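The values are calculated or read from the model by the stated rules, or taken from the named source; none is laboratory data. Everything numeric here is computed off the predicted structure, so don't read it as measured data. Don't worry about glycine lacking a Cβ; one is built from the backbone with ideal geometry, like all the others, and counts go over all protein chains shown. Accessible surface areas use protein heavy atoms only, side chains included; no ligands, DNA or RNA. Shrake-Rupley method; radii C 1.70, N 1.55, O 1.52, S 1.80 Å.
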Amino acid sequence: MPTINRFADLHEEITAWRRDIHENPELQFDVHRTAGLVAAKLREFGCDEVVEGIGKTGVVGVIRGKGEGGRVIGLRADMDALPIEEQTGAAHASKVPGKMHACGHDGHTAMLLGAAKYLAETRNFAGTAVVIFQPAEEGGGGGREMVNDGMMERFGIEEVYGMHNMPGTPAGHFAIRPGPLMAAADLFEIDVVGKGGHAAIPHKAVDTTLVAAEIVVALQSIASRNLDPVESLVISVCSFQTETTAYNVIPDSVKLKGTVRTYKPEVQDMAERRMGEIAEHVAKAFGATAKLNFMRNYPATVNSDDETVKAADVAARIVGEDKVNRNTPPLMGGEDFSFMLNARPGAFIFIGNGDTASVHHPEYDFNDEIIPVGCSYWAKLVEELMPAA
């Protein structure tokens, strides 16, 4: 079963939607233009129900197939962009300074819109397809907000599926795995307080920069000395902020910020406990104090076993078994589709973007050539999991 012919006819139109969204990027929950475009398209396609404002600015469309009742399957795409200055030089480059679609959410939205148009036209399935357009994947927890807004219960969603493009994977190929696919993405701050002073007389100060530096180094011992080597843990300190930029001032305080990536709750708990202990006692050894603020953010993205098989089987029938990696290595990146997978069984799959710049890079752009493959995956997932009689 190759890609659906209808998407070859729609390819140019869907590409135009994608590039329009790309030119007009919006951040987190402030996706009013994009959400408005999505809602207007869904109504134009003849969806049975279109609801705006789910999870603040999310949009949900309902497409009922043939017959009464049947299963209800959710398909999710994300809409938000990133605070990055675009450097692609593309004719459709961002028109908004400091914002760009550097992760391909414009492509995800356009592909799901294309699938919605086809499904509303054909309705060759017995059940209900719920198309979910989510805001604020990039740090805002839009998936959590849509779930907390009662989306699953309101629309009766029984299974939910997501898809993300993957630079470096051949264009149109798929990659998936059962179980943990992406890591929990937590945030932390460590406030170090000492005694400021003149850099030329450090013995009269409690040097917070020295204390904070010792904490940064000591934190790396958690993964190497507190965790079974076959488990996974990343602790990255990404920001080291002092209250002064002077060359000759020892600051009173330093704030460290970073992220912690794990797959298992018990590893997450251990990391939080040890980080607090290390920060407190390293600081105490130097006569300073340190306090950890550990913020649980996105949980791990864990694919359900049965739904992973279903998703991989559909992908294989579209592109061929040789183009589907059913046991791709897990990634330490985070994804808030995890909130939806915690609420319902389902699966998250990667679609190859080809040899392009990495996501979150100013030279990244979504590969429009994969649009018919991605649309076909969404449409066939609905048609095959809910076949018409």
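Observations on the model:
- Within the range 124-140, if we keep just the residues that are more than 20 Å from Val382 (Cβ to Cβ) and at pLDDT 95 or above, the residue that is farthest from the chain's Cα centre (by Cα) turns out to be Pro135.
- Only one of Glu307, Glu363 that is crowded, with 17+ Cβ neighbours inside 10 Å, touching a residue at least 40 places away in the same chain (Cβ under 8 Å) and either part of a helix (DSSP H, G or I) or on the phi < 0 side of the Ramachandran plot (or both): Glu307
- Number of residues in the range 335-361 that are farther than 15 Å from Ile176 by Cα and either at pLDDT below 95 or of a type in the set (D, E, K, R) (or both) equals 3.
- Scope the range 55-68; condition under 25 Å from Ala126 (Cα atoms), open to solvent by 30 Å² or more (accessible area, probe 1.4 Å) and in contact (Cβ under 8 Å) with a residue 24 or more places away in the chain; matching residues: Arg64, Lys66, Gly67
- Among (1) open to solvent by 30 Å² or more (accessible area, probe 1.4 Å); (2) closer than 12 Å to Leu113 by Cα; (3) in a loop (DSSP other than H, G, I, E, B) - the single one Arg43 does not satisfy: (3)
- Consider the range 320-349 and keep the residues that are among the polar types (S, T, N, Q) and either at positive phi or assigned to a helix (DSSP H, G or I) (or both). The one that is most open to solvent (accessible area, probe 1.4 Å) is Asn342.
- Near pairs, Cβ below 6 angstrom, 6+ apart or cross-chain, from the range 212-235 (more than 13 Å from Asp269 (Cα to Cα)) to any residue that is small (Gly, Ala, Ser) and assigned to a helix (DSSP H, G or I): Ile215/Ala279
- Filter result for the condition that a residue is touching a residue at least 24 places away in the same chain (Cβ under 8 Å), touching a strand residue (DSSP E or B) at 6+ places or on another chain (Cβ under 9 Å) and on the phi < 0 side of the Ramachandran plot, over Tyr247, Tyr263: Tyr263
- When we screen Ala90, Ala110 for residues that are in contact with a helix residue (DSSP H, G or I) (Cβ under 6 Å, 6 or more places away or on another chain) and closer than 20 Å to Glu369 by Cβ, the only hit is Ala110.
- Scan of the range 104-123 for residues that are at positive phi and charged (D, E, K, R), ordered by number: Arg123
- Any pair with Cβ under 6 angstrom, 6 or more apart, that starts in the range 74-101 at a residue that is open to solvent by 10 Å² or more (accessible area, probe 1.4 Å) and ends at one that is in a strand (DSSP E or B): Ile84/Met100; Glu86/Met100; Ser94/Met100; Lys99/Ala81
- Among (1) open to solvent by 10 Å² or more (accessible area, probe 1.4 Å); (2) among the aliphatic types (A, V, I, L, M); (3) in a strand (DSSP E or B), the one test that Val130 misses: (1)
- Qualifying residue in the range 167-185 (condition: open to solvent by 20 Å² or more (accessible area, probe 1.4 Å), more than 28 Å from the chain's Cα centre (by Cα), closer than 24 Å to Thr262 by Cβ and touching a residue at least 12 places away in the same chain (Cβ under 8 Å)): no
- Within the range 38-54, residues that are under 15 Å from Ala110 (Cβ atoms) sit with their Cβ atoms under 6 Å from residues that are surrounded by 18 or more Cβ atoms within 10 Å (Cβ to Cβ) and not aliphatic (A, V, I, L, M), at 6+ positions apart or across chains, in these pairs: Val38/Phe133; Leu42/Gly61; Phe45/Lys117.
- When residues of the range 197-243 are limited to those that are part of a loop (DSSP other than H, G, I, E, B) and more than 29 Å from the chain's Cα centre (by Cα), the one nearest to Ala183 (Cα to Cα): Glu243
- Answer residue from the range 244-266, given it is closer than 20 Å to His198 by Cα and in a loop (DSSP other than H, G, I, E, B) and is least open to solvent (accessible area, probe 1.4 Å) among those: Pro251
- Residue list for the range 366-389, filter: open to solvent by 40 Å² or more (accessible area, probe 1.4 Å) and either of a type in the set (A, V, I, L, M) or within 30 Å of Gly98 (Cβ to Cβ) (or both): Glu369, Ala389
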